[in-house]
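Before any comments, here is the structure.
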Amino acid sequence: MSTMARGAELTARRVTPSRSRRRPRRGWAGLGFVAPFLCVFALTVLAPVIYAIVLSLFRQRLVGGNSFVAFDNYLTAFTDPKFLEGLLRVSVFLAVQVPIMLALALLAAMALDSRRLARPGWYRIALFLPYAVPGIVAVLMWGFLYSGRLGLAGNINSLLGFELITPFASQWILFAIGNIVTWEFVGYNMVIFYAALRTIPEELYEAAEIDGAGPWRVVMSVKIPALRGAIVIATIFSIIGSFQLFNEPNILRPNAPGIITTYYTPNMYAYNLSFIGQQANYAATLAIVMGVVTAVIAYIVQVRGTRQEMQ
């Protein structure tokens, strides 16, 4: 081998590190940092989910006790008219209430970001304050306002001489509940949108002004595209909240006992089955089904929103 060939081989060995040097040594320090979180996550999230899945595979019988039935509870759930009625009701609630709530939150965030309001901090506090009110207190307050005897609705009907406002009627009760939820969470979603608007670089506004874009054009071409990620997040949170609807109809139930039933929403149905009907196995089945439905719809919204944001 010539001297030049040997020199080239030595140079190649120095430049190209060996596999043992390129492979990083596995350190356990990172696992030690995340171990507390993993333990808490396993105890508070994974363990309850696994336990609910195990419960859903059994059924309590009068004779024989708790017996394994595999997926019979799931087959029963998909043919249960009470569960399907509650699922349809919250789906309608989601389709109507969520767009209205997000639209109001978006308008409020746009108004605050327009810098045309005097003392915008007061408006932010006023819009966010309902979210700071405990949910049960908010429902009790609105239940009093809806009352036909002592509440605002009853006073207005007495003044007019006929029943104009009947929130507890069967055709209006879902809208009355939607009004409470909207009042509670408009400020929360407004904060999400407003925070996203504040991250838009000033250079984009300056470029739009140079191009001669008006306020409406700035909203449609600058602000709305920048808000797509925040809108997706707020929509996912709202979907989860809609399928978890429980406090509002459950607390208002004494005011409309013949209209708000024990199976008015899937969560109410599962709660009453578990704690009143002593059917914990079937209640766990309904909880698993609702969890899967919520996760699938939220995932679809996230995927569609991400694709639109990338386009």
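Derivation of every value follows stated rules applied to the coordinates shown; laboratory data play no part. Model, not experiment: these values are computed from the prediction. All Cβ positions, even for glycine, are placed from backbone atoms using ideal geometry, and neighbour counts span all protein chains on display.
Numbers below:
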| item | result |
| --- | --- |
| Debye, to nearest 20: dipole size of the chain, +1 on Lys, Arg Cβ, -1 on Asp, Glu Cβ | 1620 debye |
| GLU209/LEU107 FRET efficiency (R0 22 Å; Cβ-Cβ; nearest 0.05) | 0.45 |
| Residue (of ILE239, PRO249, THR199) at the positive-pole extreme of region 153-255, dipole from beta-carbon charges | PRO249 |
| Cα gyration tensor shape of region 265-311, rounded if a/c is under 1.5, else prolate or oblate by comparing a/b with b/c | prolate |
| Region 173-238: trypsin sites (Lys or Arg not before Pro) in DSSP coil with no more than 16 other Cβ atoms inside 10 Å | ARG198 |
| Relative contact order of region 209-272, pairs being alpha-carbon contacts under 8 Å that are 6 or more residues apart, as % | 21 percent |
| For the chain, built as a Gaussian network whose Cα springs stay under 10 Å, the top-fluctuating residue of THR262, THR235, THR79 | THR79 |
| Per-pair calculated FRET efficiency, R0 = 35 Å: GLU85 and ILE125 via Cβ, rounded to 0.05 | 0.30 |
| Helix-only mean residue ellipticity at 222 nm for the chain, each DSSP H run of n ≥ 4 adding -39500 (n - 2.57), per residue, nearest 500 | -22000 deg cm²/dmol |
| Taking the chain and dividing mean pair separation by its residue count, relative contact order in percent (alpha carbons under 8 Å, at least six apart) | 24 percent |
| Point-to-point label distance, VAL137-ALA226, nm (Cα→Cβ direction, 7 Å offset) | 3.5 nm |
